[in-house]
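Working notes, beginning with the structure itself.
The values are calculated or read from the model by the stated rules, or taken from the named source; none is laboratory data. Model, not experiment: these values are computed from the prediction. Here the Cβ positions follow ideal geometry from the backbone for every residue, glycine too, while neighbour counts run over all protein chains shown.
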Amino acid sequence: MSDFDTVLHPDFLVPMVPRRQILTGHSVAVRAGQISAILPTPDAKAADAGEHIELPGCALMPGLVNLHCHAAMSLLRGYADDLSLMTWLQRYIWPTESHFISPEFVRDGSELAIADLLMGGTTTLADQYFFPEVTAEAVDRSGLRALLTFPVIDVETAWARDAESCINRGLALRDQYRDHDRIDVGFGP
């Protein structure tokens, strides 16, 4: 049996601890999906591992966290974005959402946003939007970590009839993902 599943050998390693240090000549050993050790590269290369991955010219660092995301809205990127917030929302975004929001819209927008997030090094997001159950499925397929919050508004939308319906649907989603190791569900604005 191998000591590690995978050992990554970057040129640079940016650890969480110690802070403000960039290590060279170090590798990261992974076992069961978790970082198991940071080792001097010669020791790491000698370790028995299922796979050794050379990363020349690369820096390995902790994943980034996006703490404010409306992933599905990636499909609206650039739409009337030169306006004040309330003008943008009231005249453009809310009317557009009322015509186009659907599970398919949320799926497509969430998958696009997730691809963008992963390409930029983001591994965790906090998202709030309609049809959070659809976003949860996209997040689950992607391997990201997420806090998905559901809106609670007393206005009929494509997702829910009123605030009570929002809460009931959101709590059902919370129950569905209660034991998930990467997805948490909470209340959003």
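So here's what we get for this one:
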read-out: Selection status of G25, exposed (fewer than 15 other Cβ atoms within 10 Å of the Cβ), more than 21 Å from G121 (Cα to Cα) and touching a helix residue (DSSP H, G or I) at 6+ places or on another chain (Cβ under 8 Å); value: yes
read-out: Cβ pairs under 9 Å, 6+ apart, first in region 159-174 and assigned by TED's automatic domain parsing to the domain that holds E97, second crowded, with 18+ Cβ neighbours inside 10 Å and acidic (D, E); value: R169/E133; A172/E133; L173/E133
read-out: Residues that are part of a strand (DSSP E or B) and closer than 21 Å to L148 by Cβ, drawn from region 52-85; value: L64, V65, N66, L67, H68, C69
read-out: Restricting region 135-185 to residues that are among the aromatic types (F, W, Y) and assigned to a loop (DSSP other than H, G, I, E, B), the residue that is modelled with the highest pLDDT; value: Y177
read-out: Condition check for D43: farther than 21 Å from D116 by Cα and assigned to a loop (DSSP other than H, G, I, E, B); value: no
read-out: Every pair of residues 6+ apart whose Cβ atoms lie under 7 Å, when the first sits in region 94-108 and is in contact (Cβ under 8 Å) with a residue 60 or more places away in the chain and assigned by TED's automatic domain parsing to the domain that holds P132 while the second is among the small types (G, A, S) and assigned to a helix (DSSP H, G or I); value: none
